[in-house]
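**Q** One structure coming up, written as structure tokens, with questions to follow.
The values are calculated or read from the model by the stated rules, or taken from the named source; none is laboratory data. A quick note: this is a predicted structure, and the numbers were derived from the prediction, not measured. Every residue, glycine among them, receives a Cβ derived from its backbone with ideal geometry; neighbour counts consider all protein chains shown. For the accessible areas, the whole protein counts, side chains as well, though only heavy atoms, and no ligand, DNA or RNA atoms are used. Shrake-Rupley method; radii C 1.70, N 1.55, O 1.52, S 1.80 Å.
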Amino acid sequence: MSVLQIDEIDLGPALQAIVKEAAAEEAKKIAIDFIEEYKKKLDAPRAMNYTQAAKYLDTSYNTLTKKLIRKGYIKVVLIDGYERITREEADRFLRENSK
């Protein structure tokens with residue numbers, strides 16, 4: 001996202017209204033995207049299978065299993081004989097690998 005910074009500019013009332021409306025519309029889009037992303041995280045189970053975890057992490061099943069898990073970037077837990085990835089572990093990975 002680019003940032004426009006103007007120290008001093010004189011806009012007429014009509015142009016000010018257009019700029020304010022465009023800014024409000026962009027802010028609304030950003031807020032909606034954030035809310036949708038947050039809803040996805042709330043809907044995820046506490047312990048996810050690999051398919052659910054890949055969707056949660058927004059990556060492919062193969063990337064999750066062949067790169068992230070095998071190389072030890074994401075730890076799995078064993079629950080009733082099934083490997084699962086906790087939401088906390090997925091969030092930790094995302095936090096530590098965000099730019």
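**Q** Basic (Lys, Arg), open to solvent by 60 Å² or more (accessible area, probe 1.4 Å) and touching an Asp or Glu at 6+ places or on another chain (Cβ under 9 Å): does that describe residue 39?
**A** No; evaluated as a whole, the condition is false for this residue.
**Q** Also, quick follow-up: Let me spell it out: the conditions are (1) in contact with a helix residue (DSSP H, G or I) (Cβ under 8 Å, 6 or more places away or on another chain); (2) surrounded by 10 or more Cβ atoms within 10 Å (Cβ to Cβ); (3) modelled with pLDDT under 95, and residue 46 meets all of them except one. Which number is the exception?
**A** Result: residue 46 passes all but (2).
**Q** Give just the number: which of (1) among the acidic types (Asp, Glu); (2) modelled with pLDDT under 90; (3) open to solvent by less than 100 Å² (accessible area, probe 1.4 Å) does residue 8 not satisfy?
**A** Checking residue 8 against (1) among the acidic types (Asp, Glu); (2) modelled with pLDDT under 90; (3) open to solvent by less than 100 Å² (accessible area, probe 1.4 Å), the one that fails is (3).
**Q** Would you pick out the residues in region 45-87 that are over 19 Å from residue 97 (Cα atoms) and among the aliphatic types (A, V, I, L, M)?
**A** Listed by number, the residues that qualify are 47, 48, 77, 78, 79.
**Q** Yes or no: region 63-82 includes at least one residue that is open to solvent by 100 Å² or more (accessible area, probe 1.4 Å), part of a strand (DSSP E or B) and either touching an Asp or Glu at 6+ places or on another chain (Cβ under 9 Å) or of a type outside the set (A, V, I, L, M, F, W, C) (or both).
**A** There is at least one residue in region 63-82 that is open to solvent by 100 Å² or more (accessible area, probe 1.4 Å), part of a strand (DSSP E or B) and either touching an Asp or Glu at 6+ places or on another chain (Cβ under 9 Å) or of a type outside the set (A, V, I, L, M, F, W, C) (or both).
**Q** Being surrounded by 12 or more Cβ atoms within 10 Å (Cβ to Cβ) and either in a helix (DSSP H, G or I) or not hydroxyl-bearing (Ser, Thr, Tyr) (or both): is that true of residue 32 here?
**A** no
**Q** Using beta carbons and a limit of 9 Å, which pairs, at least six apart or on different chains, have the first residue in region 64-79 and touching a residue at least 12 places away in the same chain (Cβ under 8 Å) and more than 17 Å from residue 94 (Cβ to Cβ) and the second one in a strand (DSSP E or B) and open to solvent by less than 30 Å² (accessible area, probe 1.4 Å)?
**A** Taking only residues 6 or more apart or on different chains, the pairs are 77/85.
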